[in-house]
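All remarks here apply to the structure that follows.
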Amino acid sequence: MKKHFVTFSIVLMFLGFAAVAQADTATGTLTVTATVNSSINLVFNSDVAGVALASGAGTNAATLAFGNISAYGAILAGITRTVVPGTSFTVSTPVDVLVTKANSASANYTLKAALGAADATNTWQVAGNTITNGPAVTITATGSYGVNTAEAIAITVPNATANGTAISNTINFTATSN
């Protein structure tokens with residue numbers, strides 16, 4: 001019996017300490033709100049029939065490197081070349097453009113393109129449409145979401161261009177939901 005009394009006393013002592021050690025508490029409620037906006041995304045991918053992107057595949061900032069180009073002679077696989085004897089040559093390769101949507105009822109999108117800087121020497125085209133650094137040109141008016149769409153990137157170079165001339169520019173693409 002004495003043993004039970006000691007055990008009971010110890011239990012009461014711990015309960016007493018627990019009651020003294022209890023901290024004050026407070027409660028609160030946080031209301032969380034958000035508004036979902038529709039959105040679209042555009043990325044570039046290497047097209048299997050073209051030159052692989054040098055960097056940035058799967059992003060919206062990629063680099064396409066044609067490498068060494070000429071009217072005659074070897075060029076990279078995946079490049080199509082057309083020569084107008086005595087005048088110019090054009091090199092072209094497809095690049096996939098992938099536009100996806102989220103939280104949108106849009107059925108399709110419009111894709112436009114423009115050069116980042118003026119080029120007084122060479123002619124630039126996307127999908128057969130000549131582009132400049134002026135207003136963006138419509139490439140497609142009813143693009144399908146979620147599909148890699150091959151867009152041919154072409155540069156026409158005059159035969160008078162000096163050997164070793166570097167050609168560089170950016171093409172700014174804009175997809176707008178319809």
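Grab the DSSP H runs of the chain that are 4 residues or longer, score each as -39,500 (n - 2.57), total them, divide by all residues and round the 222 nm result to the nearest 500 deg cm²/dmol. Before the final figure, lay out the partial values.
On the way: 1 runs with 20 residues, N = 178.
Calculated from helices alone, the mean residue ellipticity at 222 nm is -4000 deg cm²/dmol.
Within 10 Å, count the other beta carbons around each residue, average over each peptide in 22-29, 55-62, and list them highest first. Kindly include the intermediate steps, with their values, before the conclusion.
Working: 22-29: 4.6, 55-62: 12.8.
Highest-to-lowest ranking by the protection proxy: 55-62, 22-29.
How charged is the neighbourhood of residue 44? Take every other residue with its Cβ under 12 Å from the Cβ of residue 44, and add Lys/Arg as +1 and Asp/Glu as -1. Can you show the working numbers first?
On the way: positive: none; negative: 47, 96, 151.
Charge balance near residue 44 sits at -3.
Can you list residues from other chains, or at least 5 along the same chain, whose modelled amide H is less than 5 Å from the amide H of residue 136?
Under 5 Å from the amide H of residue 136 lies no amide H from a residue far enough along the sequence or on another chain.
Residues with beta-carbon under 15 Å from that of residue 137, excluding residue 137: net charge, scoring Lys, Arg +1 and Asp, Glu -1?
On the way: positive: 112; negative: 119, 151.
Once all neighbours under 15 Å are counted, the net charge is -1.
Assign unit charges at the C-beta atoms only (+1 for Lys and Arg, -1 for Asp and Glu), then state the dipole size of the chain relative to its Cα centre in Debye, rounded to the nearest 20. Before the final figure, lay out the partial values.
Details: 5 positive and 5 negative charges, 125 e Å.
Roughly 600 debye for the chain.
Looking only at Cα atoms, what is the convex hull volume of the chain per residue, in Å³? Show your work: numbers first, answer last.
Working: hull volume 50.2 nm³, N = 178.
About 282 Å³ per residue, rounded to a whole number.
If one takes the longest principal axis of the Cα atoms in the chain, at what angle in degrees, from 0 to 90 and to the nearest 10, does the Cα axis of helix 2-21 lie?
50 degrees
Every number in this text was worked out from the coordinates using simple rules, so none of it is lab data. Every value quoted in this text rests on a predicted model; they were computed, and no experiment measured them. A quick note on method: Cβ atoms are made from the backbone with ideal geometry, for glycine too, and the neighbour counts reach across all protein chains shown.
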